[in-house]
Structures are given as structure tokens and as C-alpha cells.
Amino acid sequence: PYDTRGSIDSNADHLIAEVKELAKTHPEIKIVAHSMGGPVVDEAFRRGLSAGDKVTTYVALAAPHNGSTEAQAILPRLAQASLLGIAPEFRAITAGIAQDAGSPAVLDLAAIRAGPPPAGVRRVDLRMATDPIVTAPDAWTPGVESRTLLPSSLRYLEGHGGITADPQAIGLIAAAVGSGLPPLDWRGWLLQFAAERVSSDIAQVAPFAYPAIAFLVLVGAFGWALWRRRKILTFGFVA
């Protein structure tokens, strides 16, 4: 059971229970998590999940271990929407675009911070340089082996979802969960530099882009609320 709108804590508890059940019949467990799944796994380890539960490997894809810039930008606008009495419209628009701004998941993603990697568990972080959802500061975790990749084709340019299908990412995942050895970084220095540069540029733009987008959503919610209430008043007058 996994509720993408639910709290990280409750999802982590479900994960712990699932892993402990699997540990009864499996010699080892390897976890691959994507996006919010990363913080869920992180919290599970903070809550006691460990190598003692037969977890040997943890691969995180596009995971905001250090909190979400997007969530942090949207919450002040949600507060303003509440003061204006348009929170339902604001939440409905955000839910239609990505995630309900008032959900426990967003509240948690705005507040979390990265912790140390789990002891005795092999961990690798992978993300796309072109990921606009989870930026490099969002994904940062001290002491963790990480790879920032360029998409192998335009098909995977939207890096947040693209990393789950990009062949080079799949190859690294297979290497990490297959042998348990550090996956080789076969790229030359030029590609590594390009990936880090693209990632850095997106990270610099995100703190300005997300508040601007959140403001546009607030304006849209205000306009929608006025239209809805005008329609109700008009209907009542005609009736």
C-alpha cells in the first residue's frame, strides 16, 4: 500500500512492515525507489529499518532526499490562498498539475532534510541533469555515491520520469542491484562536466521559477473562484 498523497511517515511504516515480511522468506532485499519513494525509504531507515532486515542495496532515482524546492515554493501561496478563501480552488489546480498542495505529502516534502546513509547498506543515487522537479540541492545527501546523467535521447529529456526508462539509467540500476559493486562511470570528463553544468543551471533557475509558477496558480485560483461564485450568484438571481 502506497499513498502518493499521504505522509512520508505512514508510508515508511508500511514499507518497514513489507520488508520485514519479505525478510522471512528472502535471503536479501534490494530497494529501488523513485521520487517521493526516496524520502519514504530514508524515513524507513530512520525508523529502524536496517541491514539486519536483510536489506543489502538501496538505489534512489530522482529522489528529493533534502526536501523539495517545488513544495517549499508552493506552501506560502497555499497560505495566501487560505487567507483569500480560495484554498479549495488552489488545491484543485495544483492537484491537476502535479500534487495537491495541501496534501500531507507536500507538507512533508517541504520540511524534510537529508540524513546519513544507512549503515551496512549499499546505496547509490541517480538523477537526470534535466530533471526540473528534483534539483541537485533537493537530491543532495552527504556521503552517498551519486550519478548525474544526461538523457541518452530527447525521448528522456524530461528527466524526472525519464530516468525510470532511460537505457543508461537502467544499466546503472542493473549494475547496482546485480553485483552490489559500484557501477562504473564510463563517461568521459566532458560529459560529466556537461551533466553537472546543466544540473547546476536548472538548480539556479528553480528557486525563481517555482514561486513564479505558484503565483500564476494563485491568480488562476482567484479567477476561478470569482467565476464560480459569480455563476452561483447569477443562478440564484435568475431562479
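The values are calculated or read from the model by the stated rules, or taken from the named source; none is laboratory data. Remember, predicted model here, so these are calculated numbers, not experimental data. So basically every Cβ, Gly included, is an ideal-geometry build from the backbone, and we count neighbours across all protein chains shown. For the accessible areas, the whole protein counts, side chains as well, though only heavy atoms, and no ligand, DNA or RNA atoms are used. Shrake-Rupley method; radii C 1.70, N 1.55, O 1.52, S 1.80 Å.
List of remarks:
- Answer residue from the range 190-212, given it is buried (at least 16 other Cβ atoms within 10 Å of the Cβ) and more than 18 Å from the chain's Cα centre (by Cα) and is farthest from Q99 (Cα to Cα) among those: A195
- Residues that are over 17 Å from the mean Cα position of the chain (by Cα) and in a loop (DSSP other than H, G, I, E, B) within the range 121-142 comprise V121, P142, listed in sequence order.
- Residues located in the range 48-101, provided they are surrounded by fewer than 21 Cβ atoms within 10 Å (Cβ to Cβ), among the hydrophobic types (A, V, I, L, M, F, W, C), more than 26 Å from G115 (Cβ to Cβ) and within 21 Å of the chain's Cα centre (by Cα): A92, I93, A95, I97
- For T4, the stated conditions hold: it is open to solvent by 40 Å² or more (accessible area, probe 1.4 Å), under 12 Å from the mean Cα position of the chain (by Cα) and touching a residue at least 40 places away in the same chain (Cβ under 8 Å).
- Among the residues listed as K24, K20, the single one being assigned to a loop (DSSP other than H, G, I, E, B) and open to solvent by 20 Å² or more (accessible area, probe 1.4 Å): K24
- Among residues of the range 57-85, those that are assigned to a strand (DSSP E or B) and out of contact with any Lys or Arg (no Cβ under 6 Å at 6 or more places or on another chain), counted: 3
- In this structure, D125 does not satisfy being at pLDDT 95 or above and within 30 Å of R197 (Cβ to Cβ).
- Residue tally, condition open to solvent by less than 40 Å² (accessible area, probe 1.4 Å) and either within 13 Å of R5 (Cβ to Cβ) or part of a helix (DSSP H, G or I) (or both), over the range 109-120: 2
- Candidates R228, R147, R187: the one that is modelled with pLDDT under 95, assigned to a helix (DSSP H, G or I) and surrounded by fewer than 20 Cβ atoms within 10 Å (Cβ to Cβ) is R228.
- Test for R47: is it at pLDDT below 95 and out of contact with any Lys or Arg (no Cβ under 8 Å at 6 or more places or on another chain): no
- Residues of the range 38-79 classified as touching a residue at least 40 places away in the same chain (Cβ under 8 Å) and on the phi > 0 side of the Ramachandran plot, total: 2
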